[in-house]
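Contents: one structure, followed by commentary.
Please treat every number below as a calculation from the coordinates, not as lab data. These figures come from a predicted structure and were not determined experimentally. Reconstructed Cβ throughout: ideal geometry from the backbone, glycine too, with neighbour counts over all protein chains shown.
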Amino acid sequence: MLLNRMTPMGSLGRFSRDMDRLFDEVFRVSRAPYSRPAGYPSLNVWEDGDAFVVEAEVPGLTLDKLSVDVLGNELTISGERNDAPAEITTIHRRERGAGSFQRTLTLPTDINAEAVAADLKNGILTIRLPKAETAKVRRIEVKPHD
Amino acid sequence: MVDNAIQTNESKNCTPVKTETRRSWTPPVDVLETKDEVVIIADVPGVTADGVDVQIENGLLTIEARVEKRHDSEPTYLLREHGATTFSRSFNVGDGVNTEAISAEIRDGKLTLHLPKAEAVKPRRIDVKTA
């Protein structure tokens, strides 16, 4: 039961909704300051020059429980959280969820997978994804016509 | 299943209080019980030990956690699902907890509170007087 809560990728519907939503966010200004997380972990994404930056909230997770994969323009964050103390006699409230998770995000351009860097600090995973060379802006010189 | 558990007497030792404020976010919590203690685990990503304030007053346990600033200036977000600057949540703590001995620790953005159970509460005899 708990496992289901954190495996949004189990349903293809959720997967495509996630991608559609990012597409919407990119091409239309959202009035609401925050979007409801479309999966776990919740993400903030922004563009920083020639790279995209993704910030994921992964409290309680350590590096050995996390995987970051990049293919083309898709970023996948997956992992497993199971940090309940031993010897529990009663569960009064369980809102944090446990089990394995996977979330895929489609970015507007291809990513240079070799140059991706990830950093985990205080439960925040920050991933810097430099754009692929082919996706970078190139200025085309316009020559005067003789 | 969880709702049923909340009805038990034991859980009166630690019941979350509804708080809805605009400025702070409500962190998700697990409230678990072992033989000797009640354990509260709260997800507070981006918070360090310096930013946590845990107080107990009149049986009300309050957690305040300040998120460390990560950006000098706010970026223009393509997607924005989180952005808490403060997490806060309160719990009613019953007599079954030894409030003097409550301890807290934070690691990887996960705050854990330990509420040791009090020694068995002694039964009280009520004197019955004749009218």
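Quick check: pseudo-label points 7 Å beyond the Cα along Cα→Cβ at A:E133 and B:N92, how many nm apart are they?
About 6.6 nm separates the two model spin labels.
Fewest Cβ neighbours within 10 Å first, please rank A:Y40, A:Y34 accordingly.
A:Y34, A:Y40
Relative contact order for the stretch A:24-146: what percent, with Cα pairs under 8 Å and sequence separation of 6 or more?
Relative contact order here is 27 percent.
List the residues, sorted by chain then number, that are 5 or more residues from A:F52 or on another chain and whose placed amide H is less than 5 Å from its amide H.
For A:F52, whose amide H was placed from the backbone, the distant partners under 5 Å are A:L129, A:K131.
Based on the mean of other beta carbon atoms within 10 Å per residue, what is the order of A:112-119, B:25-32, most packed first?
Put in order of decreasing packing, that is B:25-32, A:112-119.
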